[in-house]
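The values are calculated or read from the model by the stated rules, or taken from the named source; none is laboratory data. Keep in mind that what you see is a predicted model, and the values were worked out from it rather than measured. With ideal geometry, Cβ positions are generated from the backbone for all residues, glycine too; neighbour counts draw on all protein chains shown. Remember, those area values only see protein heavy atoms, side chains included, never the ligands or the DNA or RNA. Shrake-Rupley method; radii C 1.70, N 1.55, O 1.52, S 1.80 Å.
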Amino acid sequence: MIDSLLLAGGRLPGGSRVDVRVVDGLIDSVGPVGELSRDQSARVVDLDGRFVIPGLWDKHVHATQWALVSRRLDLAAAESAADAVAIVAGRLRHEDATAETDGGPLVGYGFRDGLWPDAPHRALLDNVSGSRPVILVSADLHCCWLNSAALAQHGRADHPTGLLREDDCFAVTRTLGAVETQTLDGWVRDTAKAAAARGVVGVVDLEMSWNVDDWTRRIRSGSTELRVRFGIYPQHLDRAIDAGLVTGALVAGTHGLLEVGPFKVITDGSLNTRTAFCFDEYPGLEGQRNSRGLLTIPYDELVPLLRRATHAGLVPAVHAIGDHANRLALDAFERLGVSGSIEHAQLVDDADFERFARLGVVAGVQPEHAMDDRDVADKYWTGRTGRAFALASLLAAGAELALGSDAPVAPLDPWITIAAAVARTGDDRAPWHPEQAISVEDALIASADGRRSLEPGGPADIAVLDIDPLAATTDELRRMPVAATLLAGRFTHDAL
């Protein structure tokens, strides 16, 4: 029996009124209201003039980290190391008074120390935490701040400051997802439902774990709100090759929802942590070791690593934030003659924009990072910010954009992402480098897995909106009311 659904009386962005017929999970036809032949067995849903667009994707998330963040101490308000310590002290006093603790480490998330007047140090946390381990993770996930008790637990008792960066930090944060499987899966499903309520039909999950097992288990247990493409990291490359995993292949037994994603390689750090690898030295770090940032995988190691992955059928997704890291990543793609994506592409040399298009390298960008990082960029990338988060320059050069959030670094909400790409401001300040803004149309395409419209034969992955996104204000975009989301013609969110 063929399942049939008629979405009646909708509108396309810009105003045309249409009906959309869905058959067996695919868009069968799109036509003017009342002109499609009606299958008597079809379910009819009246959209009452609401707007229909292709369902949205977040092309860069860390699903487990996003699920965990809401259960962690929020440090976003800290404007100094002293502020962060005060927040920690307040939570510890509360736990002591209420006995609301399991005795494990206190984990916080969301500090941004790039503009702090004082520096994080283990001793500051020791003064308020005693023997209780404390681990504070930065908003960009590239550094973490530990007290002495936590450092000892992680074999770093001799670390001078307690501020761990890059791989040292990742080694710690990987241990923080050690939550009972059923509980963690429940939290991840909650985040998937919340994403579906914002019009999301799919994510590229770049969590640093063996994701195929995690998502296979979740989907088979009923978490069917999203399509998922999972990333594979270098530490799992041998295992992936042995398992025959190939980018784009569907995983058996997951209802067509789970797909092998890219091979993720991190080649440099981040802006806030001052480890993004740049041509120029960071102000205040001149002459110091790593004054231009940190190249975590040198070019002569990157090329053979990508060669091995691509020969096995895995498409690379290379993390590069600094302009020198972007140059080296593009050099590697060109040398190997392969395509893929550069994730973040935050600072790009003027000579390299056209290379994205010429080499077929997708720019996987997160526009909300520009709103979070504008002040840090103005300080540490002085004189170069016209080519930072340069969405318009990338598009003008012919590059393909794929928008995402990097959740939990920014919220897993495509409308926040789209608003940042279009408006280039997240507060009451004037737009930051408005010449790098892109149109709503382009932002929607870059958020819809490249789909430009609802085309017959395509998947019935659809978002239904209460207002026209092409006529929305910036605030309306950020708060876009989503009436319904359909995945292969099945409602994953329904507020009609």
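Quick notes on this one:
- Options V246, G202, S129, ranked by Cα towards positive dipole end of the chain, top entry (Cβ charges): V246
- Whether segment 439-489 is rounded, prolate or oblate, judged on the alpha carbon gyration tensor where a/c under 1.5 counts as rounded: oblate
- Check: segment 1-68 dipole with +1 on Lys, Arg Cβ and -1 on Asp, Glu Cβ, in debye: 200 debye
- Only Lys, Arg, Asp and Glu carry charge here, each on its Cβ (+1 for the first two, -1 for the last two); on that basis the chain has a dipole of about 560 debye about its Cα centre.
- Extension gain, E476 to H255: 0.36 nm times the residue separation minus the Cα-Cα distance gives 76.1 nm.
- Those trypsin sites (Lys or Arg not before Pro) in segment 284-349 that DSSP places in a loop and that have at most 11 other beta carbons within 10 Å: R289
- Relative to the longest principal axis of the Cα atoms of the chain, helix 323-336 runs at roughly 60 degrees.
- Label of the coordinate-derived value, Cα extents along the principal axes in Å, listed as (i) 86, 53, 45; (ii) 74, 57, 52; (iii) 62, 54, 44: (ii)
- Mean accessible surface per residue for the chain, computed with a 1.4 Å probe while every protein chain stays in place, in Å²: 39 Å²
- Selection from G104, L75, S41 lying farthest towards where the dipole of segment 1-142 points positive, charges on Cβ: S41
- Taking the C-alpha atoms only, the angle from helix 211-220 to the longest principal axis of the chain is near 40 degrees.
- By a 1.4 Å probe calculation restricted to protein chains, D350 has an accessible surface near 110 Å², given to the nearest 10.
- Net charge over other residues, Cβ less than 14 angstrom from the Cβ of G261 (K, R count +1; D, E count -1): -3
- Length gained on full extension, E334 to E435, computed as 0.36 nm times the residue gap minus the Cα-Cα distance: 33.5 nm.
- Segment 196-272 and segment 428-496: distance between their alpha carbon centers, rounded to Å: 23 Å
- FRET efficiency for the H159 to S37 pair, using the beta carbon distance and R₀ = 60 Å, is estimated at 0.30.
- Test item: Cα-centred dipole of segment 2-123, Lys/Arg +1 and Asp/Glu -1 on Cβ, debye: 180 debye
- For A483, residues with placed amide H under 5 Å, excluding near neighbours: V464, L465, D466
- With the cut-off at under 18 Å, measuring from each backbone N in segment 88-121 to a point 7 Å along the Cα-to-Cβ line of T183 picks out 95-96, 99-109.
- Cα gyration tensor shape of segment 192-320, rounded if a/c is under 1.5, else prolate or oblate by comparing a/b with b/c: oblate
- Rolling a 1.4 Å probe over the protein heavy atoms of the chain, with every protein chain left in place, gives an accessible area that is 50 percent carbon and sulfur.
- Tilt relative to the chain, helix 181-196 - C-alpha long axis, 0 to 90 degrees, to 10: 50 degrees
- At an R0 of 45 angstrom, the distance between the Cβ atoms of F491 and E301 translates into a FRET efficiency of 0.45.
- Looking at the chain, the DSSP beta bridges with both ends there are about 45 percent antiparallel.
- In a fully extended conformation the segment linking R239 and R220 would gain 4.6 nm over its present Cα-Cα distance, using 0.36 nm per residue.
- Longest site-free stretch - the chain; sites: GluC sites (Glu not before Pro), DSSP loop, at most 10 other Cβ within 10 Å: 287-496
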